[in-house]
Amino acid sequence: MRKCGFSALIIFLSILTFFSYTEKILASSGYGWGFKKNTEHKIPDIGEYKEILDEFGSYYADDSGEKVLYVTFDNGYEQGYTDEVLDVLQKENVPSAFFLTGHYVKSQPDLVKRMVDEGHIIGNHSYHHPDFTIVSKETMKKELETLEQAVADVSTQKELKYLRPPKGVFNKKTLKWSNELGYIHIFWSLAFTDWNTSEQKGWKYAYENIMKQIHPGAVILLHTVSSDNAQALDKLITELKKQGYTFKSLDHLVLKNMLPAPIYGY
């Protein structure tokens, strides 16, 4: 009997080791989004990622040369600055995209409704913010559908079409799955450390970081938990407009790549 018990223990440990090993393989199969920053006001180089994104119709910047900018925010929780951000966007008539998690939608339905009512796009950042590269397609599907339904329950936006992967982690499999589920991945070409609420450094920090990296076609990633961003946003938009930039929605970016210029009219 003890021998059988020992054998069963060995089998159990072997299975546990196998699944632990498999999990490590899956975890190491994802790419963490990143790029080489520059201060020459050019689209940053993303190396081998460019070919992968092109293969699956994903975006990180507008390479048309048009002096246009796309403002996007990732919202996982609320820190009290989103109303201020929305006030500035409304005053300056700047469209934006807010990539939301389930926690944000559940805890801030009025803000989600306001985003939609004022013409902004709600993007899918998943319901629970998991690493999609280590879950099944069914789990990914459920994450996206649950978030979409949550947004539909509190606003007039009934469908979501843009996806920003949690933690910026992706691979060919997750890009393929998102396409099959009706989503387009949106990454970014301009970002800085703005999410640490305990290390805010004043509006000039946000302003200078963005102005150093700004380039035609930038997809800008910001977080509304940042007091720096909230205080800098009005000044940034005013200065960038003076420099000849215009602000467009993600729909503009995608449609002009899908439709011939004479039809879309850009």
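The values are calculated or read from the model by the stated rules, or taken from the named source; none is laboratory data. Here the structure is a predicted model, which means the values were calculated and not measured. Ideal geometry is used to build each Cβ from the backbone, glycine not excepted, and the neighbour counts take in all protein chains shown. Quick note on the areas: whole protein, heavy atoms, side chains included, nothing else; ligands and nucleic acids left out. Shrake-Rupley method; radii C 1.70, N 1.55, O 1.52, S 1.80 Å.
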Taking the conditions exactly as written (over 21 Å from the mean Cα position of the chain (by Cα), surrounded by 18 or more Cβ atoms within 10 Å (Cβ to Cβ) and farther than 27 Å from Asn124 by Cβ), does Gln231 satisfy them or not?
yes
Okay, helices (runs of 4 or more DSSP H) sitting entirely in the stretch 20-127 with 1 or more residues that are within 17 Å of Gln149 (Cα to Cα) and under 18 Å from the mean Cα position of the chain (by Cα), I get 102-107, 109-117
Within the stretch 123-156, which residues are closer than 11 Å to Thr174 by Cβ, of a type in the set (Lys, Arg) and either touching a residue at least 60 places away in the same chain (Cβ under 8 Å) or out of contact with any helix residue (DSSP H, G or I) (no Cβ under 9 Å at 6 or more places or on another chain) (or both)?
none
Glu143 vs. criteria over 16 Å from Thr224 (Cα atoms), touching a Pro at 6+ places or on another chain (Cβ under 8 Å) and part of a loop (DSSP other than H, G, I, E, B):
no
Is there a residue being modelled with pLDDT of 95 or more, open to solvent by 20 Å² or more (accessible area, probe 1.4 Å) and touching a helix residue (DSSP H, G or I) at 6+ places or on another chain (Cβ under 9 Å) anywhere in the stretch 67-75?
no
Just name the residue that is modelled with the lowest pLDDT out of those in the stretch 162-182 that are of a type in the set (Lys, Arg) and surrounded by fewer than 17 Cβ atoms within 10 Å (Cβ to Cβ).
Lys167
Selection within the stretch 130-159 - open to solvent by 10 Å² or more (accessible area, probe 1.4 Å) and of a type in the set (A, V, I, L, M, F, W, C)
Ile134, Val135, Ala150, Ala152, Val154
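Being assigned to a strand (DSSP E or B) and closer than 16 Å to Pro95 by Cα is the requirement here; does Leu240 meet it?
Taking the combined requirement at face value, the residue does not satisfy it.
Yes/no per residue for (1) among the β-branched types (Val, Ile, Thr); (2) open to solvent by 10 Å² or more (accessible area, probe 1.4 Å); (3) within 30 Å of Glu143 (Cβ to Cβ); (4) outside any helix (DSSP H, G or I):
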residue: Ser198; (1), (2), (3), (4): no, yes, yes, no
residue: Tyr205; (1), (2), (3), (4): no, yes, no, no
residue: Lys212; (1), (2), (3), (4): no, yes, no, no
residue: Val219; (1), (2), (3), (4): yes, no, yes, yes
For His185, only one of the following conditions fails: (1) in a loop (DSSP other than H, G, I, E, B); (2) open to solvent by less than 10 Å² (accessible area, probe 1.4 Å). What is its number?
(1)
Out of curiosity, is Asp251 acidic (Asp, Glu), without any contact (Cβ under 8 Å) to a residue 60 or more places away in the chain and not in a loop (DSSP other than H, G, I, E, B)?
no
